[in-house]
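Notes follow once the structure below has been shown.
Coordinate-derived values only; no laboratory data. Owing to the predicted nature of the structure, the values given are computational and were not obtained by experimental measurement. Backbone-built Cβ (ideal geometry, glycine too); neighbour counts: all protein chains shown.
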Protein chains: 2
Amino acid sequence: MAADSQKFIAGKIVRGENPLNLEMPFETLEGFLTPTESFYVRTHFAIPSIDRDAWWLRIEGEVENSFAINYEELLELESVTIPATLECAGNNRSFLEPKVKGVQWGLGAVGTAEWTGVPLSILLGRAHATTNGRHVVLEGADGGMLEDPKSPPGELKFARSIPIAKARADVLLAYKMNGRELPPEHGFPVRAIVPGWYAMASVKWLQRIIVTEQPFTGYYQTIDYAYWERQKAIAELTPLTEMQVKAQIAEPAEGEVVPANSRVRVHGAAWTSNGEITKVELSTDGGATWTESKLLGESKLNAWQLWEFNWQTPTAPGRQTLIARATDSLGRTQPVERDRDRGTYMINHLLPIEVEVR
Amino acid sequence: MAADSQKFIAGKIVRGENPLNLEMPFETLEGFLTPTESFYVRTHFAIPSIDRDAWWLRIEGEVENSFAINYEELLELESVTIPATLECAGNNRSFLEPKVKGVQWGLGAVGTAEWTGVPLSILLGRAHATTNGRHVVLEGADGGMLEDPKSPPGELKFARSIPIAKARADVLLAYKMNGRELPPEHGFPVRAIVPGWYAMASVKWLQRIIVTEQPFTGYYQTIDYAYWERQKAIAELTPLTEMQVKAQIAEPAEGEVVPANSRVRVHGAAWTSNGEITKVELSTDGGATWTESKLLGESKLNAWQLWEFNWQTPTAPGRQTLIARATDSLGRTQPVERDRDRGTYMINHLLPIEVEVR
């Protein structure tokens, strides 16, 4: 992540241009809400250009009342506004050893915004999902051909599914991000927000919702965005779902020089899924000793928690290794070592940051 | 398939040595039963060397009575003997255009044997599968590391699952092939026989049977031995199951010279799954006209049917294109063109054979 070799677009690190993948420099973390223009951008295909007046969202499959709704009608429905942290399932991938394929995200494929939209439960209620309906497939308008020989032939659209209980519980069809219309790169006109889940589930440019009986096994639910989970010693391919508990240090950044014998503010964010962050501990000696940091602001479900720590730096110059470690209200914490069954995803093992005291 | 560049082991075409993959030269087809020494060999790893006196088969998972059974005990149980055709799901792969990865099978990754063994239903009955038990995972003793980056890290064993209804209906735990002890390369001491299914389901070197509630998603059920099935325009990854209806010409073989203005016996085999072959038609003019061939012997469920046709060859010399086409009792027949959603498997589109009339 040498800054001098990095390319930037509008202040974001370019991790890919075609399709567009942009990362927030995580050291620019400031408030609880990530400004929309700083928010990381993850795309799999060209960004669809959608005319809101021609846009329709269809709901079909295991429903008694299949229908389509347009943008104007959607905005007339009851809406809610919630903060939610979205993290790319491959965030931190560039730190994996050995190197793996995929977008080489550093720390910044994560952000928190306020999302305004219609609860998916309202549309599912109107559609009258049948008792056979157990899964909800969210399909985007983004699509194209893939070069992966394991992908289906021809064009495919980005699509992911969630269990119907999750769909009813808290999933939003969002049309505003931080109080303003969704920008094209974030899913205009309407995207899903699946709180607590890795962001591949929060399908952008929504065009179709399909209620199904059987688990959905599309490309992005199996060949991509899946990991190996072992049952009785057999690895089974399992779609990614919830974000794993994690703390990240925003400042000081890797390689930064900090003054000796001074108070230095170490700060960052920590998040989990379906629980609260109960503590973030910091080690300034490579993991030998840990001290609790201060959690900032109130806890909000499925949104990150900022934290800070006033570090009394050593009097002697030298390299110091900082590590942050989060624990949540379900007692979950971060693993010390990487679990290789997770493939190129769900990267939340402890990540040492080296700084130089001078 | 130029014979002079082919390597043979014990009369079979070598398609791979490590792991061992051997094909029957299909023009050697004679009787209904394929002699064991001619039967194609498909392995994914080194052939396990199993001591029958130390062998145990465990049954576990969603069962009230988990137990293990040894070879001697298994042979004391009620057994049945059935003929069944096994076809590798990638049989005919070498004819695909463009070329695809995988073992380059010609026509001979198929064979029919008589299998003697204990109905799996007997063991499931003894184990008392719970009402949650919906799938039965069959695990072999064969395993190792794969180079595929999409495979789980570390060692894996070959394993496949079948629905519990199929497991109860007609699956065998076979310990004899054509009346004699299973050879090591065919699964000694005990293999599964899953009649009507592509042979990846007939797991060899059985060591464990696991009853599960959820569909099994191991490597050989998802990343490998799966294809794309479209539901509502979305391709979903689907495990291979039943063999597709198909006729193959054994003789004359591709490129063979046949005498002009003579009677030439065209013969081969045809098979399907869960139905009977009702007709095999032959075209000797590249598909312009079709004539029914003669079915030989009686029809046996999930075993191939031999057929023959007395071809009056043209008086003029030249190249002729032969095509065989099977139809089954469910009205299924062979597609004219390859369906690319099937990936590298389930290859049953019409296959022209060119011969030279001289």
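Worth a mention:
- Computed FRET value (nearest 0.05) for B:L301 with A:E73, which takes r as the C-beta separation and R₀ as 51 Å: 0.40
- Over all Cα atoms in the range A:299-358, the spread is summed up by Rg and Dmax: 15.2, 42 Å.
- Taken residue by residue and averaged, Cβ atoms of other chains lying within 10 Å of the Cβ of A:146-154 number 4.
- Distances between placed amide hydrogens fall under 5 Å for A:L240 paired with A:A226, A:Y227, all partners being 5 or more residues away or on another chain.
- Ordering A:I59, B:I347 from the fewest to the most neighbouring beta carbons within 10 Å gives A:I59, B:I347.
- Couplings 3J(HN,Hα) for the range A:285-294, derived from phi with the Karplus relation 6.51 cos²θ - 1.76 cosθ + 1.60 (θ = phi - 60°), are 10, x, x, 6, 10, 10, 9, 6, 8, 9 Hz, where x marks Gly and Pro.
- DSSP bridge pairs, the range B:3-239: antiparallel proportion in percent, nearest 5: 95
- Dividing the helix sum by the residues of chain B, where each DSSP H run of 4 or more adds -39500 (n - 2.57), gives a mean residue ellipticity at 222 nm of -1500 deg cm²/dmol.
- Shape index of the range B:195-265: Rg/Rh, with Rg the Cα radius of gyration and Rh the Kirkwood radius from the inverse mean 1/r over Cα pairs, equals 1.22.
- Normalising the Debye intensity of the range A:254-358 to I(0), with uniform scatterers on Cα atoms only, and taking log10 at q = 0.24 Å⁻¹ returns -1.30.
- Its Cα gyration tensor gives chain A an equivalent ellipsoid, and the semi-axes of that ellipsoid, as √(5λ) in whole Å with the largest first, are 37, 21, 20.
- Neighbouring Cβ atoms from other chains, within 10 Å of the Cβ of residues in A:232-242, number 6 on average.
- Here is the list for the range B:93-154: trypsin sites (Lys or Arg not before Pro) lying in DSSP coil, each with at most 11 other C-beta atoms within 10 angstrom of its C-beta, are B:K99, B:K101.
- Once backbone amide H atoms are built at 1.01 Å from N, A:R15 has A:N21, A:L22, A:E23 as its partners under 5 Å, excluding neighbours fewer than 5 places away on the same chain.
- Computed on the range B:1-134, the Cα convex hull volume stands at 162 Å³ per residue.
- Inverting the pair-averaged 1/r between distinct Cα atoms of the range A:123-281 gives 18.5 Å as its Kirkwood hydrodynamic radius.
- Taken along its principal axes, the alpha carbon cloud of the protein assembly as shown reaches lengths of 98, 64, 51 Å, longest axis first.
- When you filter the GluC sites (Glu not before Pro) in the range B:74-120 for DSSP loop state and at most 15 other Cβ atoms inside 10 Å of their Cβ, you are left with B:E78.
- GNM top mover of B:G154, B:G196, B:G117 - chain B, alpha-carbon springs below 10 Å: B:G154
- Table column - 3J(HN,Hα) (Hz), the range A:227-244, Karplus curve with 6.51, -1.76, 1.60, x for Gly and Pro: 9, 9, 10, 9, 10, 6, 6, 10, 6, 10, 6, 9, x, 5, 10, 7, 5, 8
- For B:V14, label point 7 Å along C-beta direction: distances to other copies, nm: 5.2
- Taking each residue as 0.36 nm, the span from B:E276 to B:S121 lengthens on full extension beyond its C-alpha to C-alpha distance by 53.4 nm.
- Plainly put, the tip 7 Å out from Cα toward Cβ on B:E298 is 8.0 nm from that tip on each other copy, the closest given first.
- For the segment A:213-221, counting C-beta atoms of other chains within 10 Å of every residue's C-beta and taking the mean gives 4.
- R0 of 56 Å, Cβ-Cβ distance B:Q6-A:S49: FRET efficiency to nearest 0.05: 0.55
- Highest-fluctuation residue, A:A129, A:A199, A:A235 considered, GNM on chain A with Cα pairs under 10 Å: A:A235
- Most tightly packed first, judged by the mean number of other beta-carbon atoms within 10 Å of their residues, the peptides B:159-166, A:254-261 read B:159-166, A:254-261.
- Label 7 Å beyond Cα on the Cβ vector: B:R52 copy-to-copy distances, nm: 7.6
- Top of A:Q305, A:Q214, A:Q244 by mean-square fluctuation, Gaussian network on chain A, Cα under 10 Å: A:Q214
- DSSP-defined beta bridges in the protein assembly as shown - what % are antiparallel, rounded to 5: 95
- Backbone HN-Hα couplings from phi across the range B:258-267 [Karplus 6.51/-1.76/1.60, Hz, Gly and Pro as x]: 10, x, 6, 6, 9, 8, 10, 7, 9, 8
- Where labels lie 7 Å past Cα in the beta-carbon direction, separation of B:T315 and A:E292 in nm: 10.4
- For A:E185 and B:R332, a Förster radius of 41 Å and the Cβ-Cβ distance give a FRET efficiency of 0.30, rounded to the nearest 0.05.
- Eligible lysines near B:K246 by straight Cα distance, threshold 18 Å, same-chain separation 8 or greater: B:K279, B:K294, B:K300
- With contacts taken as Cα pairs under 8 Å and at least 6 residues apart, the range A:246-357 reaches a relative contact order of 34 percent.
- Taking amide H as placed 1.01 Å from N in the peptide plane, the amide H of A:W115 sits under 5 Å from that of A:I82, A:A84, A:N178, each at least 5 places away or on another chain.
- Distance between modelled label sites at A:K101 and A:E27, nm, 7 Å Cα→Cβ extension: 3.3
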